[in-house]
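A short write-up of the structure that comes next.
The values are calculated or read from the model by the stated rules, or taken from the named source; none is laboratory data. Please read all numbers here as calculations on a predicted model, not as lab measurements. Here the Cβ positions follow ideal geometry from the backbone for every residue, glycine too, while neighbour counts run over all protein chains shown.
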Amino acid sequence: MNYEATRRSVDPFESGLSRGSGTYLVWEDLTVVLPNLGNGQARKLLRGLTGYAEPGRIMAIMGPSGSGKSTLLESLAGRLSGNVIMTGNVLINGKKRRLDSGIVSYVTQEDILLGTLTVKETITYSAHLRLPNTMSKEQINGLVEGTIIEMGLQDCANRMIGNWHLRCISGGEKKRLSIALEILTHPQVLFLDEPTSTLDSSSAFFVIQALRNIARDGRTVIFSVHQPNSDVFALFDDLFLLSGGEAVYFGEAEMAVMFFSDAGFPCPSRRNPSDHFLRCINSDFDVITATLVKSQRNHGIPTSADPLINLATTEIKAMLVEKYKCSEYAMRARRQGGKRRKILIPQGPWHIGWKVFLAALKYFAQSKLEVLARGQQREGIDGKEDKERD
Ligand SMILES: Nc1ncnc2c1ncn2[C@@H]1O[C@H](COP(=O)(O)OP(=O)(O)O)[C@@H](O)[C@H]1O
Ligand SMILES: [Mg+2]
């Protein structure tokens, strides 16, 4: 079946779903704190992050384990757990987000699927449950077919998902199925927590390529990723690099290599950029080195001719964070966020406020004129009646 034709003929937006012209997401000074609950100090999980995400592009949030990737995603998607406190702004098209708006979808790290259903059955059941009942059965079926094709699930559409004792579809297919379930309702912003974890390189490449296609359809896609290979990294449009809840870099993914190089930590020519970034900022390497030095088996510790790489990662990270704070990239993040706000705020509540004010003014002016006209008419009639009486 021709997918474009299918999609055009069963456009769900004509049947009740809303379509926007793209969603800009801006976050400013985002801080998440785990408060002091009697013992110990309050802990900052995210430290004043600023950034923005645009429709048509995919953004990878990258960083070592525990750096705050999931926390950032949850903050942006409004899914933070109740035991933490968030400050700062998250704006969707210049407005504070409304969680019930239905424009945001979130794909969790774990795939929650029923193993005894086939791929197509799963998508069909979900479509019937979640799509508006103004859509006909044919339209829903057309959309299901379109989604299967969009996520490259044709080959396994009629295979069972499987479970721990019945292996059927692969991990990559499961992940693409989880994404398919979320894109059924055409969310404007799609969040995914580690969509490539546990996948081999080709499956990871397929998943990220599918996300790129979704984004090119006018949607905003943000996902966390741990350590992608160079082919996968080359697919990213934007990169938010985190370490210990702090921004190390935010900007176009392809410019990150130049940022590291300018900061004095150039990526060796034969190294995968994401390996290099994490080698520079993952403080776990300090712990490993210290443990190895203390242990008996310390003769195999790798050293580098590059003196900077021999610095402790905590020092490298601190230098990079400082460099980023006063870099053109950080300034652009603040500028762009502000720009998005200015452009988009006229469509927000102020704009509606002015509209209401002008409409009220027009109404009062009109009713005043009517009263005056009625008064003049009345005067005319009274004058005529007076003359006739005379
Ligand atoms: N709700 C929470 N309560 C307590 N600690 C949390 C909570 N959310 C995150 N953390 C802590 O914040 C740190 C960052 O977590 P997370 O965002 O999951 O990291 P990542 O996704 O980069 O591995 C971790 O040390 C984690 O234990
Ligand atoms: Mg995580």
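If we keep just the residues of the range 117-150 that are of a type in the set (D, E, K, R) and farther than 23 Å from F206 by Cα, which is surrounded by the fewest Cβ atoms within 10 Å (Cβ to Cβ)?
K137
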Name the pairs: first residue in the range 70-84 and under 16 Å from L49 (Cβ atoms), second residue hydroxyl-bearing (S, T, Y) and more than 9 Å from ligand 2 (Cβ to nearest atom), Cβ to Cβ under 8 Å, at least 6 apart or on different chains?
L73/Y106; E74/S81; A77/Y106
Scanning the range 177-209 for residues that are in a helix (DSSP H, G or I) and under 14 Å from A60 (Cα atoms) gives A204, F205, V207, I208, Q209
Any chance D237 is under 13 Å from the mean Cα position of the chain (by Cα) and under 26 Å from R332 (Cα atoms):
yes
Of the residues that sit in the range 183-227 and are over 24 Å from P64 (Cα atoms) and aliphatic (A, V, I, L, M), which one is farthest from ligand 1 (Cβ to nearest atom)?
L184
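So that you can scan it fast, the table gives a plain yes or no per residue for (1) within 16 Å of ligand 2 (Cβ to nearest atom); (2) over 29 Å from I169 (Cβ atoms):
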position	(1), (2)
L76	yes, yes
N89	no, yes
G94	no, yes
E110	yes, no
E121	no, no
Which one of these does T87 not meet: (1) modelled with pLDDT of 95 or more; (2) near ligand 1 (Cβ under 8 Å from one of its atoms)?
(2)
Of all helices (runs of 4 or more DSSP H) completely enclosed by the range 263-334, which ones contain at least 2 residues that are modelled with pLDDT of 70 or more and over 29 Å from the mean Cα position of the chain (by Cα)?
284-294
Can you tell me which residue in the range 213-238 is farthest from I58 (Cα to Cα), limited to those that are touching a Pro at 6+ places or on another chain (Cβ under 8 Å) and outside any loop (DSSP other than H, G, I, E, B)?
S230
